[in-house]
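Working notes, beginning with the structure itself.
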Amino acid sequence: MLIRLPPRHDILPSEITPEGVYLSRRKLLGGALAAGALALWPAVAGADRAGLVPAVADDPRVPAWLRRQVAARRPGSLSAPPDALTPFEDVAGYNNFYEFGTAKDDPAEQARDFVPHPWRVRIDGEVGKPLDLGLEDLLRNVTLEERIYRFRCVEAWSMVVPWTGFPLAQLLRRAEPTSRAKFVAFQTLHDPDRMPGQRSRWLRWPYVEGLRIDEAMHPLALMSVGVYGRTLPAQNGAPLRLVVPWKYGFKSIKSIVRISLVEKLPRTTWAELAPDEYGFYANVNPSVDHPRWSQKRERRLPNSLFSPNWVDTLPFNGYGDQVASLYRGMDLRRYY
Ligand SMILES: Nc1nc2c(c(=O)[nH]1)N[C@H]1C(S)=C(S)[C@@H](COP(=O)(O)O)O[C@H]1N2
Ligand SMILES: [Mo]
């Protein structure tokens, strides 16, 4: 369930304790609802608070202007879930990023020396104004905000992450999409010297993903450059990655170097590799099981010491009131 926060609040959600988050939001709820929320989200009362605000300093290899811009983020005005935040250590320590290995703790280890600066991003295809931007130009005059999103992997684990970023729509508009732009195709850096996972051929590199143009223009679709008020750790897709909170995590492509506006449905890495298991749309849907496991529930990180913290998966990951209308007339039980 999503709770709409008042549009103005003067401290950043990631700077207060989950208990504080819970209590401030609880005032917005009726008593019965609040009691239900407490039962649903046992992590709120859990013992993992100490790790929430990272003690680690931001990475000194990242340019100072970027660190300052990310740190100066403002609270987002969109709704946030009532869920407890997933500690930074899990967000930056339990990853899928096959360019840096296949085990969950590989990326943190293997991306340690990956310094994504300088960085350029091309925006091309069906646009009136193709762009080739250095990261500094890309972020010039961009107001960064903090958005707390649920993040649900197709593998049935999930997190709650305070991202820092800006709406993807803002960036796309700068390139002036033409009326023929029906889809947006994204591409990750291809550099096997710096991304050791790309030396094995089991995936077709570079990793590619895509959205329909109206999905890409939706205000929830975020370009992220930070988590927890610091610049993105390399393992989370530095310096720039997509976050689409109502879709399975594999849609949220990392370390983007190219964005192409195109007329036809673009090729996407997972749908190409295993079309029976992963679709192009990949909207979070508890009533459509993955061929090999149920999608009804998800294991919410952090892992509890004694038992996994299983919670119910919500249609569109809980963002249905904002995005369901994009899919009117589509059969959501089908695997697209
Ligand atoms: N380039 C690239 N992007 C990627 C992936 C990847 O392997 N390569 N994995 C995806 C998957 S399956 C998930 S669940 C998320 C994980 O993001 P996180 O590690 O920041 O939680 O990144 C997605 N983006
Ligand atoms: Mo995933």
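Across all directions, the shadow cast by the convex hull of segment 127-221 built on its C-alpha atoms averages 8.2 square nanometres. In order along segment 131-146, the Karplus-derived 3J(HN,Hα) couplings, from 6.51 cos²θ - 1.76 cosθ + 1.60 at θ = phi - 60°, round to 10, 9, 10, x, 4, 5, 5, 4, 9, 5, 6, 9, 8, 8, 10, 9 Hz, and Gly and Pro are given as x. Packing around the peptides 121-132, 275-286, 223-234, taken as the average count of other Cβ atoms within 10 Å per residue, puts them in this order, highest first: 223-234, 275-286, 121-132. Report the Cα centroid-to-centroid distance between segment 76-136 and segment 164-210 in angstrom, as an integer. Centre-to-centre distance over Cα atoms comes out at 11 Å. Under the simplified labelling scheme, the TRP310-VAL288 pair shows an inter-label distance of 2.3 nm, with each label point 7 Å from Cα along Cα→Cβ.
Would you please state which residues of segment 112-151 a label at GLU176 would reach in this model, taking the label point 7 Å out along Cα→Cβ and a backbone N cut-off of under 16 Å? The answer is 123-132, whose backbone nitrogens lie closer than 16 Å to the label point.
The label-point distance for HIS190 and ASP276, in a model that sets each label 7 Å from Cα toward Cβ, rounds to 2.9 nm. Taking 0.36 nm per residue of separation and subtracting the current Cα-Cα distance, fully stretching the chain between ASP105 and ALA64 would add 12.0 nm.
Taking amide H as placed 1.01 Å from N in the peptide plane, the amide H of HIS290 sits under 5 Å from that of GLN295, each at least 5 places away or on another chain. Working from label points 7 Å from Cα in the Cα-to-Cβ sense, the ALA71 to LYS264 distance is 4.9 nm. The ARG299 and ASP137 beta-carbon pair, evaluated with R₀ = 51 Å, returns a calculated FRET efficiency of approximately 0.80.
Where a number appears in this text, it was derived from the coordinates with a stated rule and is not lab data. Nothing here was measured: the structure is a model prediction, and the numbers come from that model. All Cβ positions, even for glycine, are placed from backbone atoms using ideal geometry, and neighbour counts span all protein chains on display.
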